[in-house]
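Here is the structure we will look at.
The values are calculated or read from the model by the stated rules, or taken from the named source; none is laboratory data. Everything numeric in this text was worked out from a predicted model, so none of it was measured. Positions of Cβ are backbone-derived with ideal geometry, glycine not excepted, and every protein chain shown enters the neighbour counts.
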């Protein structure tokens with residue numbers, strides 16, 4: 001196996017409901033094999049795992065995502081029939097897009113390294129190297145898009161420090177940091193971040209990158225948002241949705257996206273309630289919210305990067321109604337800044353502050369800036385994030 005291929009065969013862990021982890025490689029490998037063979041038993045055999053493990057893996061994923069990933073059948077081809085549901089097929093397609101983008105960026109990174117330099121895989125590392133590692137609690141968007149995997153891989157090659165991450169909403173990520181379980185957090189919830197720093201839990205904070213929030217919904221526009229003039233910004237659209245009682249999906253999880261949504265409702269002087277306002281309990285991340293919005297023909301607030309990656313717009317069933325580029329918002333109203341905070345070693349002596357600081361400094365250097373500013377450009381014709389200067 002050549003070094004480029006070896007390096008790009010990364011391992012993915014999925015964090016379910018904030019605590020339980022499953023192998024993303026196994027899950028998507030199973031879905032791919034079910035699509036190919038029409039049998040869970042055959043899919044498990046081809047993957048080299050037990051039938052029981054395969055069922056448990058799919059069951060845990062379905063519970064966490066709130067989706068049925070496969071259609072069960074009795075006595076089908078090759079020992080028990082099964083096929084991917086529509087949601088399962090869409091999830092597998094999104095994963096393939098995600099992996100393609102990550103592989104592309106990793107190859108670009110390798111091409112910039114010294115010619116002939118051996119690129120080790122994690123399996124080649126000895127225990128002494130793996131002892132130098134950090135844990136990052138992060139908001140979902142950098143994980144869902146694949147950017148964080150690329151940044152962690154590039155930093156590892158530069159420093160020899162391995163970063164593992166837990167993907168959560170911003171609120172939950174900061175809660176975990178207060179328990180001393182992680183060395184740093186990557187979030188996009190300015191008010192919560194300010195309180196975290198004010199209470200002394202954070203030692204250093206700086207802005208890493210940004211994109212913007214976008215209001216998306218059915219292309220048919222049942223709430224009539226395209227008829228509004230938006231003199232008062234995006235809050236007019238929210239008021240119109242509430243008056244029309246057209247379905248709206250909320251994250252409802254104290255994440256950065258949810259907090260931004262609630263800020264807009266508050267500025268609009270509206271308290272959303274009723275059958276039309278759907279709180280996506282148990283749905284993981286903006287990607288899951290978009291799938292639910294597509295199913296319910298609903299509006300929702302997400303970040304632009306996730307919407308582009310989800311390819312919801314390609315179905316011609318959903319579109320962006322308000323964003324910085326599309327207009328309808330006031331300056332700064334839909335700004336979405338992602339900040340890195342290093343946990344204060346004075347409060348949590350066990351944190352690896354030295355290596356966390358090394359990562360923070362590396363993120364401000366040319367190599368990291370180029371990765372961020374180019375990520376997604378080849379696949380989408382534009383970067384998914386913009387690098388911002390340190391505060």
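Within segment 53-81, the set of residues being surrounded by fewer than 19 Cβ atoms within 10 Å (Cβ to Cβ), modelled with pLDDT of 80 or more and more than 18 Å from residue 94 (Cβ to Cβ) comprises 53, 55, 56, 59, 60, 71.
Within segment 238-252, the set of residues being crowded, with 23+ Cβ neighbours inside 10 Å and within 28 Å of residue 142 (Cβ to Cβ) comprises 238, 248, 249, 251. Restricting attention to segment 137-149, the residues that are farther than 21 Å from residue 251 by Cα and surrounded by fewer than 24 Cβ atoms within 10 Å (Cβ to Cβ) add up to 2. For segment 193-232, the candidate set comprises residues that are out of contact with any strand residue (DSSP E or B) (no Cβ under 7 Å at 6 or more places or on another chain) and closer than 23 Å to residue 255 by Cβ; within that set, the residue that is surrounded by the fewest Cβ atoms within 10 Å (Cβ to Cβ) is 198. When you scan segment 117-135, do you find a residue that is in a loop (DSSP other than H, G, I, E, B), at pLDDT 90 or above, outside the structural domain of residue 69 (by TED's automatic domain parsing) and within 22 Å of residue 360 (Cβ to Cβ), even just one? No - not one qualifying residue is present in segment 117-135. I'd like to know if segment 316-336 contains one or more residues that are at pLDDT 90 or above, under 22 Å from residue 155 (Cβ atoms) and either in contact with a strand residue (DSSP E or B) (Cβ under 8 Å, 6 or more places away or on another chain) or surrounded by fewer than 19 Cβ atoms within 10 Å (Cβ to Cβ) (or both). No, segment 316-336 contains no residue that is at pLDDT 90 or above, under 22 Å from residue 155 (Cβ atoms) and either in contact with a strand residue (DSSP E or B) (Cβ under 8 Å, 6 or more places away or on another chain) or surrounded by fewer than 19 Cβ atoms within 10 Å (Cβ to Cβ) (or both). Does residue 258 count as part of a helix (DSSP H, G or I) and assigned by TED's automatic domain parsing to the domain that holds residue 302? Spelling it out, residue 258 is indeed part of a helix (DSSP H, G or I) and assigned by TED's automatic domain parsing to the domain that holds residue 302. Restricting segment 253-262 to residues that are in contact with a helix residue (DSSP H, G or I) (Cβ under 9 Å, 6 or more places away or on another chain) and under 19 Å from residue 217 (Cβ atoms), the residue that is surrounded by the most Cβ atoms within 10 Å (Cβ to Cβ) is 257.
Among residues of segment 149-170 being touching a strand residue (DSSP E or B) at 6+ places or on another chain (Cβ under 7 Å) and outside any helix (DSSP H, G or I), the one that is farthest from residue 356 (Cα to Cα) is 168. Of the strands (runs of 3 or more DSSP E) lying entirely inside segment 171-253, those carrying at least 1 residues that are within 26 Å of residue 273 (Cβ to Cβ) and within 24 Å of the chain's Cα centre (by Cα) are 202-218, 248-250.
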